[in-house]
Amino acid sequence: MLFRSVYERSDRIGGLLMYGIPNMKLDKQKVVQRRLDLMAAEGIEFVINTEIGKDQAASQIGDLFDATVICTGATKPMDFVKDASGRDLKGIYFAMDFLSANTKSLLDTGHADGNYISAKDKHIIVLGGGDTGTDCVGTSLRHGCKTVNQFDVIPKPPNERAPDNPWPQWPTIYKLDYGQEEAAARFGDDPRRYRTSTFEFVGDDQGHLKGLSTIDLEWKKTATGAPFGKIPGTEKEWPADLVLLAMGFSGPEDTVLDQLGIERDTRSNARAEYGKYATNAPGIFAAGDARRGQSLVVWAIHEGRGAARECDRYLMGSTDLP
Ligand SMILES: Cc1cc2nc3c(=O)[nH]c(=O)nc-3n(C[C@H](O)[C@H](O)[C@H](O)COP(=O)(O)OP(=O)(O)OC[C@H]3O[C@@H](n4cnc5c(N)ncnc54)[C@H](O)[C@@H]3O)c2cc1C
């Protein structure tokens, strides 16, 4: 019998397209679910609520199937404030806990179950100025937050390309994404504060977050060789009921890779050559964010197709897949 199965630990298939990218950016029913239904109709078996490495040993999957593709994403969050005092206060969450609970509750009950972290009437601070942070800003605004600020340690990018950033490189220039545009329309200003480093979280006597402290950074090599230093006297306090950590991701989780004995590259991703997708373990391939690190949907689609082609070649000796 031929099995073509996708195992997913979550209660819905789709990865970050389902539970990472918010619904206002990517419609789950009209776009994601529609595609999943087509795949199911084509004979793909989707097995949900099953965490490989925990509910079922990864080696068991390897034995059950002739070829396996690891597409577990790059979900380990970075935490540059882990040593800041007050980090364990109630009200500090990783961005993905905020975003995925929000989408699940929205899809399950239109938010009626209340099973999400609400930003309503709260002072929100997002740490991290990238796309995940922008999704936190957009979601907080939809909840009806009181204020929203987004801090980044880097300097504000220039309005035009810098001399060391010529075409055809990706332009590193200042731009307003949808979350900042919406925040500016509501509060009158881009919510991002650059060169801003958080060094302390402040709580009340119940252990709830009520604010945080920042200091401005100067991006100039210091005497110790660090790329930036703190500017004494620029400390500020900010009210905060909810802090969302959106500081990037450091690579795939280890369990499945360890259980299958998969080698890593220098950035801790599954080692598999681009275009071939084969890992060091026979019949086991890796694709998407698990192989290349946190990236883009177009790359995940491209690598998924490429890995399917290479599986076919491995199983059949040749392939007609593009
Ligand atoms: C907040 C956010 C917003 C983004 N917005 C955009 C955007 O607007 N445009 C864009 O192009 N890209 C965006 N991206 C990036 C994009 O979503 C990813 O690059 C893409 O989804 C990667 O696909 P993937 O299949 O490799 O991994 P993922 O989408 O991460 O899927 C991995 C899946 O594997 C499951 N899994 C992990 N471990 C196990 C296990 N042991 N057992 C079973 N299942 C497991 C996870 O639950 C998850 O469902 C965004 C990313 C984030 C975090």
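Computed with a 1.4 Å probe over protein heavy atoms only, the accessible surface of the chain comes to 56 Å² per residue. Taking the chain as a Gaussian network of alpha-carbon nodes connected by springs under 10 Å, the highest mean-square fluctuation of the residues 188, 211, 86 belongs to 188.
In a simple Cβ point-charge model (Lys, Arg +1; Asp, Glu -1; nothing else charged), region 161-237 has a dipole of about 400 debye relative to its Cα centre.
Measuring spread by the Cα atoms of region 13-130 yields a radius of gyration and Dmax of 17.8, 53 Å. Other residues with beta-carbon under 14 Å from the beta-carbon of residue 273 carry, at +1 per Lys or Arg and -1 per Asp or Glu, a net charge of +3. Our summary gives region 168-241 a relative contact order of 22 percent, counting only alpha carbon pairs under 8 angstrom and 6 or more residues apart. Applying the criteria of a DSSP loop state and at most 13 other Cβ atoms within 10 Å to the chymotrypsin sites (Phe, Trp or Tyr not before Pro) of region 268-322 yields 274.
Using C-alpha pairs below 8 Å separated by at least 6 residues, the relative contact order for region 62-143 is 22 percent. Report note on the peptides 134-140, 45-51: ranked by the mean count of other C-beta atoms within 10 Å, highest first, their order is 134-140, 45-51. From the Cα gyration tensor of region 167-228, with a ≥ b ≥ c the square roots of its eigenvalues, which class applies: rounded if a/c is under 1.5, or else prolate if a/b is larger than b/c, or else oblate? Oblate, since a/c reaches 1.5 and b/c is not below a/b.
Sequence-ordered 3J(HN,Hα) estimates for region 203-212 from the Karplus curve with 6.51, -1.76 and 1.60 and θ = phi - 60° stand at x, 8, 6, 9, x, 9, 4, 10, x, 8 Hz, glycine and proline given as x. Excluding residue 9 itself, what net charge comes from residues whose Cβ is under 14 Å from its Cβ, given Lys and Arg +1 and Asp and Glu -1? Net local charge, residue 9 excluded: -2.
Each of 311, 162, 283 was placed along the dipole of the chain (beta-carbon charges, centred on the mean Cα), and the one lying farthest toward the positive end is 162.
Take each peptide in 157-164, 29-36, count the other Cβ atoms within 10 Å of every residue, and average; sorted highest first, the result is 29-36, 157-164. Assuming charge only on the beta carbon of Lys and Arg (+1) and of Asp and Glu (-1), the dipole of region 27-148 about its Cα centre is about 680 debye to the nearest 20. Taking 24 Å as the limit for the C-alpha separation, the pairs 156/230; 104/210; 76/230 exceed it in the case of 104/210; 76/230. Using a 1.4 Å probe on the protein chains only, how many percent of the accessible area of region 92-245 belongs to carbon and sulfur? Here it works out to 53 percent. Here the chain is treated as a sphere whose radius is the Kirkwood value from Cα pairs; by Stokes-Einstein at 37 °C and 0.692 mPa s it diffuses with a coefficient of 150 µm²/s. Placing unit charges on each Cβ (+1 for Lys and Arg, -1 for Asp and Glu) gives region 92-245 a dipole about its Cα centre, and among 219, 150, 234 the Cα reaching farthest toward its positive end belongs to 219.
When peptides 263-271, 13-21, 223-231, 247-255 are sorted by average Cβ neighbour count within 10 Å, with the highest value leading, the order is 13-21, 247-255, 263-271, 223-231. A Cβ-based charge dipole, computed about the Cα centre of the chain with Lys and Arg at +1 and Asp and Glu at -1, lands at about 640 debye. When only alpha carbons of region 95-223 are considered, Rg and Dmax amount to 17.1, 56 Å. Computed over the chain, relative contact order equals 20 percent, with contacts defined as Cα pairs under 8 Å that lie 6+ residues apart. Given the options 94, 139, 183, identify the residue whose Cα lies farthest towards the positive end of the charge dipole of region 92-245 (+1 on Cβ of Lys, Arg; -1 on Cβ of Asp, Glu). The Cα lying farthest towards the positive end belongs to 183.
Taking other residues whose beta carbon is less than 13 angstrom from the beta carbon of residue 145, and scoring Lys, Arg as +1 and Asp, Glu as -1, yields +2.
The values are calculated or read from the model by the stated rules, or taken from the named source; none is laboratory data. Computed from a predicted model, the values in this text were never measured in an experiment. Reconstructed Cβ throughout: ideal geometry from the backbone, glycine too, with neighbour counts over all protein chains shown. Ligands, DNA and RNA are excluded from the accessible area calculation, which covers all protein heavy atoms including side chains. Shrake-Rupley method; radii C 1.70, N 1.55, O 1.52, S 1.80 Å.
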